[in-house]
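As structure tokens, the structure follows; a few thoughts come after it.
The values are calculated or read from the model by the stated rules, or taken from the named source; none is laboratory data. Keep in mind the model is a prediction, meaning the values are calculated, not measured. Quick reminder, even Gly has a Cβ in these numbers, built from the backbone with ideal geometry, and neighbours come from all protein chains shown. Just the protein is used for accessible areas: all its heavy atoms, side chains included, with ligands, DNA and RNA removed. Shrake-Rupley method; radii C 1.70, N 1.55, O 1.52, S 1.80 Å.
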Amino acid sequence: MGTSEKVLAGFLEGLPRESYFISDKFTPQCADASSASAMKDMIEMQLGLMDLDRFDVYWIHNVSGAPKWTEELAKYFEGKDNVPLLGVSNHNLSEIKQANEILKAHGLKLSAVQNHYSLINRSSEDSGILDYCKENDITFFSYMVLEQGALSGKYDTKHPMPEGSARAEIYNPVLDKLEILNEELKKLADKYGVGMAQIPVAWAIAKGTLPIIGVTKENQVLDAVKAANITLTDEEVSSLENVADSLELNVIRFWEKEMK
């Protein structure tokens with residue numbers, strides 16, 4: 001509700017505008033349903049809080065009322081200068097196609113898709129979303145490539161995730177299977193001289209996606225740079241996927257659905 005924009009504004013203060021890339025989202029559940037200009041209200045509130053005149057990428061956060069909100073997004077940016085990359089998050093293939101058609105009708109285009117995508121959740125690949133993005137010059141932003149740490153090597157059957165957390169509920173029951181995949185990740189990490197967490201990120205890059213990496217420490221930024229400099233071979237990519245597929249894991253989360 002504006003808190004993240006305020007924090008970010010403090011971080012960006014005094015930095016040259018060309019030195020950073022700003023991404024923000026319209027979240028339908030946070031919109032003022034009583035306002036006839038809810039899209040405009042949220043966008044201008046966000047820009048105002050950060051003292052900016054433009055975004056670099058702007059998203060529809062989820063599909064709640066998506067056709068309506070995509071239409072409102074298109075109307076807001078139609079004919080404007082400095083139109084950001086326009087994207088949708090947590091949309092399936094048919095919803096992505098619909099968003100693209102709505103934007104095209106206003107002289108705009110869908111430029112970005114952001115979905116949960118990892119070695120153990122390739123639903124956006126299996127459904128054809130990655131292919132559609134490649135065919136239509138849409139950047140696919142992959143999030144949760146480390147599955148909230150499950151593919152980082154930090155957790156195993158002897159060192160489970162903290163009880164009571166949502167991720168523990170999902171991953172702790174299958175840590176024995178995840179250990180098998182993490183063993184393969186460790187082999188490649190040793191080969192390339194990096195930490196285990198860099199291999200799933202390098203895999204996501206090899207698949208033609210742009211991983212979203214959450215960072216809270218300087219070393220995590222440096223690790224992300226290392227991952228970007230790793231080029232996995234086709235054989236390594238296939239081998240990792242074969243191991244992951246053999247585990248038959250289902251880590252689809254509550255906010256996701258059939259991606260077709």
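The table that follows gives values for the structure above.
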read-out	value
Pairwise FRET efficiency - residue 250 versus residue 159, Cβ, R0 = 22 Å, nearest 0.05	0.45
Segment 197-236: trypsin sites (Lys or Arg not before Pro) in DSSP coil with no more than 10 other Cβ atoms inside 10 Å	217
Separation of alpha-carbon centers, segment 4-44 and segment 161-190, rounded to whole Å	35
Kirkwood Rh (inverse of mean 1/r, distinct Cα pairs), segment 124-260, angstrom	15.9
Simple spin-label estimate for residue 78 and residue 135 in nanometres, 7 Å along Cα-Cβ	2.7
Largest-first ellipsoid semi-axes for segment 1-96, taking √(5λ) over the Cα gyration tensor eigenvalues, angstrom	23, 15, 13
For the chain, calculated [θ]222 nm from helices alone, where every DSSP H run of n ≥ 4 adds -39500 (n - 2.57)	-13000 deg cm²/dmol
Residue-normalised accessible area of the chain, given per residue in Å² at a 1.4 Å probe	51
From phi via Karplus (6.51, -1.76, 1.60), per-residue ³J(HN,Hα) for segment 91-98 in Hz, x at Gly/Pro	10, 8, 4, 5, 5, 5, 4, 4
FRET efficiency for residue 180 and residue 221, using Cβ-Cβ distance with R0 set to 22 Å, rounded to 0.05	0.15
Calculated FRET value between residue 97 and residue 257, using beta carbons and R₀ = 22 Å, to 0.05	0.90
Fraction of accessible area attributable to carbon and sulfur, segment 152-260 (%, probe 1.4 Å)	53
Debye-sum result for the chain in log10 I(q)/I(0), which assumes one identical scatterer on each alpha carbon, at q = 0.07, 0.08, 0.09, 0.13 Å⁻¹	-0.27, -0.36, -0.45, -0.93
Order of exposure, largest accessible area first, which applies to 216, 233, 70 with probe 1.4 Å	216, 233, 70
Cα-centre dipole for the chain with unit charges at Cβ (Lys and Arg positive, Asp and Glu negative), debye to 20	200
